[in-house]
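To start, the structure under review is shown below, and the notes come after it.
The values are calculated or read from the model by the stated rules, or taken from the named source; none is laboratory data. Being a predicted model, the structure only gives us computed values, none of them experimental. Glycine also receives a Cβ, built like all others from the backbone with ideal geometry; neighbour counts cover every protein chain displayed.
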Amino acid sequence: MAANGEALTSGGYIKHHLTNLTFGQHSDGSWGIAHSAKEAAEMGFWSFHVDSMFWSIGLAFIMFFVFRKIAKGFSIENPSKIQLFVETLFEFADTSAKEGFQFKNLWIAPLALTIFCWVFLMNLMDLIPVDWIPELFIFLGVDYMKIVPSTDINIALGLALAIFIMIVYYSLKEKSPIGFFKELAMHPFSAKEFGVSNTGVQLVINLFILYPLNLVLETVSLLAKPVSLGLRLFGNMYAGELIFILIALMFSQLFTMTASGFMMGVAGGALQLVWAIFHILVITLQAYIFMMLTIVYLNQAHEHGDH
């Protein structure tokens, strides 16, 4: 159903479910909530996806509340099932950090745990049937409601940007600004590797040709880390959400009171179950990949190259 109570076409249904609740500046200069996908698009870059922020921050608070409650009620003699589960997550994150990070940094394991649990919870929202919460909010007068934050490219790239800031920070801290610049400018090419033996010629070729080339290549490689990190999460989760929406369209044919519609609806229901079971692996794997790549990138930020 549309926000105004009118029936949606298949294309309109998909577009509705993929549109965020957006707050921004309208064409007349006023600020407010967009009431259509067109209005949301016209608000441009300086707009806010209220639903993505609400669900991502809300899930973070839930995660920290549970962890805090477990920490305050920690028991060695009589641990609860949820305490044992959280301890398993702690051990998993700590083991992953020890295997992927070769230096001493007390922040890495807690960071790995936070990333895995937060991304997993955001991904887990994808298993809620696509119509339940949006229809509830339409009943409450809210036109749009996307509940899977990781299907929003702003959230995925925002997480990746935070990791990128940490990569740059530790690179500067561990290697010094000069050392970090040398790492970018002096690898992978040098005149010596091309068989140039004269020191003066080496210096000229390095300074005016190879070092600028290295700087460009390594800067692109550095910037590609957060971009690929965010786009990988967004792409996989967005595709999964789109498939759920398409299957929901099939399932809706069950109520058309026709033989073909009934058969398509039954097939849609079966596919919904199969895809949900498979998607449990997808959402867990995406959270794990995001966590492990973060650990690997931060380990690289601590490494000292031979310049």
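Results for (1) over 24 Å from the mean Cα position of the chain (by Cα); (2) modelled with pLDDT under 95; (3) more than 14 Å from Met291 (Cβ to Cβ), shown as yes or no for each residue.
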{"position": "Phe74", "(1), (2), (3)": "yes, yes, yes"}
{"position": "Gln83", "(1), (2), (3)": "yes, yes, yes"}
{"position": "Phe90", "(1), (2), (3)": "no, yes, no"}
{"position": "Ser96", "(1), (2), (3)": "no, no, no"}
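Return the residue satisfying two criteria in turn: it lies in region 214-271 and is over 19 Å from Val168 (Cβ atoms) and charged (D, E, K, R), and of such residues it is surrounded by the most Cβ atoms within 10 Å (Cβ to Cβ).
Glu241
Any chance region 53-65 includes a residue that's farther than 24 Å from Leu242 by Cα, more than 26 Å from the chain's Cα centre (by Cα) and among the hydrophobic types (A, V, I, L, M, F, W, C)?
In the first step, residues of region 53-65 are kept if they are farther than 24 Å from Leu242 by Cα; the result is 60-65.
Keeping just the survivors that are more than 26 Å from the chain's Cα centre (by Cα) gives none.
Taking every residue of region 53-65 in turn, none turns out to be farther than 24 Å from Leu242 by Cα, more than 26 Å from the chain's Cα centre (by Cα) and among the hydrophobic types (A, V, I, L, M, F, W, C).
Can you say whether Tyr211 is of a type outside the set (S, T, N, Q), in a helix (DSSP H, G or I) and under 27 Å from the mean Cα position of the chain (by Cα), as far as the supplied structure shows?
Numbers: of a type outside the set (S, T, N, Q): yes; in a helix (DSSP H, G or I): yes; under 27 Å from the mean Cα position of the chain (by Cα): no.
Spelling it out, it is not the case that Tyr211 is of a type outside the set (S, T, N, Q), in a helix (DSSP H, G or I) and under 27 Å from the mean Cα position of the chain (by Cα).
Kindly indicate the residue of region 168-205 that is among the polar types (S, T, N, Q) and closer than 30 Å to Pro226 by Cα and also surrounded by the fewest Cβ atoms within 10 Å (Cβ to Cβ) among those meeting that condition. Don't jump to the end; show me each part of the working.
Going through region 168-205, the residues among the polar types (S, T, N, Q) turn out to be 171, 176, 190, 197-199, 202.
Subset that is closer than 30 Å to Pro226 by Cα: 171, 176, 190.
Working: Ser171: 23, Ser176: 11, Ser190: 16.
Filtering region 168-205 for residues that are among the polar types (S, T, N, Q) and closer than 30 Å to Pro226 by Cα, the one surrounded by the fewest Cβ atoms within 10 Å (Cβ to Cβ) comes out as Ser176.
Consider only pairs whose beta carbons are under 7 Å apart and that are at least six residues apart or on different chains; among these, list those whose first residue lies in region 196-212 and is of a type in the set (Ser, Thr, Tyr) and whose second residue is modelled with pLDDT of 90 or more and not in a helix (DSSP H, G or I).
From region 196-212, the pairs are Tyr211/Met186.
Go through region 69-108 and count every residue that is over 29 Å from Val296 (Cβ atoms) and among the basic types (Lys, Arg).
The qualifying residues number 3.
With respect to Lys225, determine if the residue is in contact (Cβ under 8 Å) with a residue 24 or more places away in the chain, among the basic types (Lys, Arg) and within 28 Å of Phe290 (Cβ to Cβ).
Details: in contact (Cβ under 8 Å) with a residue 24 or more places away in the chain: yes; among the basic types (Lys, Arg): yes; within 28 Å of Phe290 (Cβ to Cβ): yes.
Answer is yes for this residue.
Suppose we filter Ile163, Ile155, Ile128, Ile147 for residues that are closer than 24 Å to Gly230 by Cα and surrounded by fewer than 18 Cβ atoms within 10 Å (Cβ to Cβ); which single one remains?
Ile128
Working only within region 56-72, note down all residues that are at pLDDT below 95 and among the β-branched types (Val, Ile, Thr).
Val66, Ile70, listed by residue number.
Just checking, which of Ile163, Ile167 is among the hydrophobic types (A, V, I, L, M, F, W, C), in a helix (DSSP H, G or I) and farther than 21 Å from Thr284 by Cα?
On the way: Ile163 fails: farther than 21 Å from Thr284 by Cα.
Exactly one residue qualifies, and that residue is Ile167.
Which pairs do you get when a residue that is closer than 17 Å to Ile14 by Cα and touching a residue at least 12 places away in the same chain (Cβ under 8 Å), found in region 119-137, comes within reach of a residue that is part of a helix (DSSP H, G or I) and acidic (Asp, Glu), reach meaning Cβ atoms under 6 angstrom, with the pair 6+ apart or on two chains?
Asp126/Glu241
What do you reckon, is Ser52 at pLDDT 95 or above and within 25 Å of Asn154 (Cα to Cα)? Reasoning before the result, please.
Details: at pLDDT 95 or above: yes; within 25 Å of Asn154 (Cα to Cα): yes.
Criteria met by Ser52.
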